[in-house]
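As structure tokens, the structure follows; a few thoughts come after it.
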Amino acid sequence: FLSSHQHGTKRTRSLHSGSALADLSMFLEGLSKVKGGDVGVTASDNIGDTNTIGSLTVPSVGIGTISWSSQSLTTLKNLELQSVVKEAYNSDAALFDTAERYGSHIKTALGLGWGETETLIQKLLKSETNQANNNGSSSRIAPVVATKFTPNPWRQSVESVVEACEQSRQRLGVEQIDLYQLHMPDVVQPLRAFGLGSSKDEIYWEGLAECYKRGIVKNVGVCNYGPTLLMKCQETLAKHGVPLASNQIAYSLIGRHNGSQETVDKCQELGIQVLAYYPFAMGLLTGKYSTESLASINDDILAPSTGISKTALEIRDLKKYASSISPLMQIVQKIANDRGKSIAQVALNYIVCKGAIPIPGARSIAQVKDNIGAMGWRLTEDEIMSMEHEADKLDSGFEGAGFKLTSGKFVGYGVEKWSLN
């Protein structure tokens, strides 16, 4: 037997009897994999490519659901998303990240879509698990759903966190939520300009601890926390014997600035798992751009990872980024070509190699399959260094586009920001 090992991934190939030429060819093929990393990994190689979030074993790449919604205004049904869930379930890649505020954009704007995506995920997963049970099969890695609590001025007590958690738990149809996260620091302060309002972060941390102690969540986490706030939160939870399992931040090959990389490093030091949103930098790292095509970029090109069209303001901002990343994308393209991978898969694998779990959006089977293809192999240190060297030459890192920012959120009366310090 000839075995190759690359960053914890193992593949074994039998040398079949035959001509000496065939044996030599196979030997050289295996040798090239040992030297440069596994190339052309099949779906079966994804098995065992896992990470941990607290007590959970999860696939190394997750699925973001911010763009998920029903195809009907009156019922929760989406056949395309059912196919996505089926593919993820059968591929041991069923890690879904959602939030109570996710839902149909139209209905959510009217106050009718709150919690819709949580309920939709419950229906989609229930359908898939029932079918698997009827067929006598099951996923080797149990499906995991992470959701989020949204801080706002009207939620001012520990019990408000518990109540919101109970509502999410019921919508998800589970006894315990796998991972319950605070969506962001308590930055929504509409009366701050008048000298009114105060941070409720510590109240929310106490709320997380209470949810954990009541047994309605398996793990707790936060989002958009920098090292300082992260350590304060972990210290508060530790007083209750509650571990802080995760911290979700914007992080990508071109999004390591403004405290992001320092936050990843601090999380690794503290034993907190990082989940990375915007892993494609809103499509910039999917390989859909070239200098020649900038003049004709449209929203169909700019939305390959979610299927959601971009606003004119977002397109304007993304064009600015796209005009400067061409040299970087040439390097990423070469690595992808050498490995028989897509550029998007290289972008995701980069995050995996940095110790984080990327959470790319996926609304179609093609997208989820491509995302799954980022598992089962690892970039080499030389490949990582070459990409980072070129990325570090950019005038600025990725900070979002339009009103979708990596360090802030549009909240109706304006944009409230946080910092990873």
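The values are calculated or read from the model by the stated rules, or taken from the named source; none is laboratory data. Everything numeric here is computed off the predicted structure, so don't read it as measured data. All Cβ positions, glycine included, derive from the backbone under ideal geometry; neighbour counts span all protein chains shown. Only protein heavy atoms, including side chains, enter the accessible area calculation; ligands, DNA and RNA are left aside. Shrake-Rupley method; radii C 1.70, N 1.55, O 1.52, S 1.80 Å.
Quick check on this structure: which one of 181, 176 is crowded, with 21+ Cβ neighbours inside 10 Å, within 22 Å of residue 241 (Cα to Cα) and touching a Gly at 6+ places or on another chain (Cβ under 7 Å)?
Values: 176 fails: crowded, with 21+ Cβ neighbours inside 10 Å.
Every option except 181 fails the conditions.
Please go through the range 395-417 and pick out each residue that is open to solvent by less than 30 Å² (accessible area, probe 1.4 Å) and within 20 Å of residue 254 (Cβ to Cβ).
Filtering the range 395-417 down to residues open to solvent by less than 30 Å² (accessible area, probe 1.4 Å) leaves 397-398, 400-402, 406, 408, 414, 416.
397, 398, 400, 401, 402, 406, 408, listed by residue number.
Please give the number of the condition residue 197 fails out of (1) modelled with pLDDT of 95 or more; (2) surrounded by 14 or more Cβ atoms within 10 Å (Cβ to Cβ); (3) out of contact with any Phe, Trp or Tyr (no Cβ under 8 Å at 6 or more places or on another chain).
(1)
For residue 136, indicate whether it is modelled with pLDDT under 95 and crowded, with 20+ Cβ neighbours inside 10 Å. Reasoning before the result, please.
Values: modelled with pLDDT under 95: yes; crowded, with 20+ Cβ neighbours inside 10 Å: no.
The answer is no for residue 136.
In the range 230-260, what count of residues is obtained for those that are over 21 Å from residue 401 (Cβ atoms) and either outside any strand (DSSP E or B) or not polar (S, T, N, Q) (or both)?
The initial filter retains those residues of the range 230-260 that are over 21 Å from residue 401 (Cβ atoms), namely 230-247.
Those still in the list that are either outside any strand (DSSP E or B) or not polar (S, T, N, Q) (or both) too: 230-245.
Number of matching residues: 16.
Of everything in the range 330-358 that's part of a loop (DSSP other than H, G, I, E, B) and open to solvent by 10 Å² or more (accessible area, probe 1.4 Å), which residue is farthest from residue 95 (Cα to Cα)?
First, the residues of the range 330-358 that are part of a loop (DSSP other than H, G, I, E, B): 340-342, 354-356.
With open to solvent by 10 Å² or more (accessible area, probe 1.4 Å) added as a condition, the list becomes 340-342, 354-355.
On the way: 340: 25, 341: 22, 342: 21, 354: 19, 355: 16 Å.
Per the stated criteria, the residue is 340.
Taking the range 144-197 on its own, how many of its residues are within 17 Å of residue 411 (Cα to Cα) and either in contact with a Ser or Thr (Cβ under 7 Å, 6 or more places away or on another chain) or outside any helix (DSSP H, G or I) (or both)?
So in the range 144-197, the residues within 17 Å of residue 411 (Cα to Cα) come out as 148-155, 182-193, 197.
The next check asks that each one be either in contact with a Ser or Thr (Cβ under 7 Å, 6 or more places away or on another chain) or outside any helix (DSSP H, G or I) (or both); those that pass are 148-155, 182-191, 197.
Total meeting the criteria: 19.
Give the residues of the range 386-421 that are within 22 Å of the chain's Cα centre (by Cα), among the hydrophobic types (A, V, I, L, M, F, W, C) and modelled with pLDDT of 90 or more, sorted by residue number.
387, 391, 398, 401, 403, 405, 418, 420
Evaluate the following for residue 158: is it open to solvent by less than 20 Å² (accessible area, probe 1.4 Å) and under 18 Å from residue 208 (Cβ atoms)? Don't jump to the end; show me each part of the working.
Numbers: open to solvent by less than 20 Å² (accessible area, probe 1.4 Å): no; under 18 Å from residue 208 (Cβ atoms): yes.
For residue 158, the condition - open to solvent by less than 20 Å² (accessible area, probe 1.4 Å) and under 18 Å from residue 208 (Cβ atoms) - is not met.
Answer yes or no: is there a residue in the range 264-283 that is of a type in the set (S, T, N, Q), modelled with pLDDT of 85 or more, assigned to a helix (DSSP H, G or I) and open to solvent by less than 30 Å² (accessible area, probe 1.4 Å). Please lay out each step first, then the result.
The first filter runs over the range 264-283 and keeps only residues of a type in the set (S, T, N, Q), leaving 268, 273.
Remaining after also requiring modelled with pLDDT of 85 or more: 268, 273.
Still in the list and also assigned to a helix (DSSP H, G or I): 268.
From what is left, the residues that are open to solvent by less than 30 Å² (accessible area, probe 1.4 Å) are none.
No.
Just checking, does the range 320-328 include any residue being touching a strand residue (DSSP E or B) at 6+ places or on another chain (Cβ under 6 Å), touching a residue at least 24 places away in the same chain (Cβ under 8 Å) and in a loop (DSSP other than H, G, I, E, B)? Working first, answer last.
The first filter runs over the range 320-328 and keeps only residues touching a strand residue (DSSP E or B) at 6+ places or on another chain (Cβ under 6 Å), leaving none.
No, the conditions are met nowhere in the range 320-328.
Please list, ordered by first then second residue, the pairs with beta carbon atoms under 8 Å, 6 or more apart or interchain, first in the range 385-411 and free of Cβ contacts under 8 Å to residues at least 40 places away in the same chain and among the hydrophobic types (A, V, I, L, M, F, W, C), second open to solvent by 10 Å² or more (accessible area, probe 1.4 Å) and part of a loop (DSSP other than H, G, I, E, B).
Taking only residues 6 or more apart or on different chains, the pairs are 405/399; 410/403.
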